[in-house]
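Asks: Take a look at this one; I'll ask things after.
Derivation of every value follows stated rules applied to the coordinates shown; laboratory data play no part. Because the structure is a prediction, the values reported are computed rather than measured. Cβ: placed from backbone, ideal geometry, glycine included. Neighbour counts: every protein chain shown.
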Amino acid sequence: MEGLSRMDVRLHGRNGPVVTNVDEVLRQVHEQLRERQAEWLAQVREQPGSFADLETHIHQTFQQMADQVVAGVLAQVAASNDFTKDAKKK
């Protein structure tokens with residue numbers, strides 16, 4: 001359609017990677033969790049007294065991942081022509 005442009009959804013600000021769909025984001029989140037799991041376990045083993053700080057860090061990590069999933073959902077919906085048309089009407 002003439003005059004309609006696609007909306008790019010990016011992670012991590014204006015210069016971050018473009019997200020195209022939620023499946024892509026979920027794969028990335030899964031990979032991040034696998035990588036961090038080993039780090040978290042090692043930290044508790046090596047520094048049991050840091051568990052409270054680690055718990056806070058894990059909660060923050062999941063909040064960031066939730067933001068990434070929201071971006072993926074928005075990107076996937078925004079990719080449809082109907083969404084773009086509806087957004088232009090408002």
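Asks: Between Gln32 and Ser50, 0.36 nm times their residue separation minus their Cα-Cα distance comes to what?
Replies: The span from Gln32 to Ser50 would gain 4.4 nm if fully extended.
Asks: Please give the net charge around Gln43, taking every other residue with its beta carbon less than 15 angstrom from that of Gln43, where Lys and Arg add +1 and Asp and Glu add -1. Show your work: numbers first, answer last.
Replies: Numbers: positive: Arg36, Arg45; negative: Glu35, Glu39, Glu46, Asp53, Glu55.
Value of the local net charge: -3.
Asks: For the pair Ser80/Thr20, report the inter-label distance in nm, with labels modelled 7 Å from Cα in the Cβ direction.
Replies: Modelled inter-label distance: 1.9 nm.
Asks: Which net charge results for the neighbourhood of Val29, defined as the other residues with beta-carbon distances under 12 angstrom from its beta-carbon, given Lys and Arg at +1 and Asp and Glu at -1?
Replies: Net charge in that neighbourhood comes out at -2.
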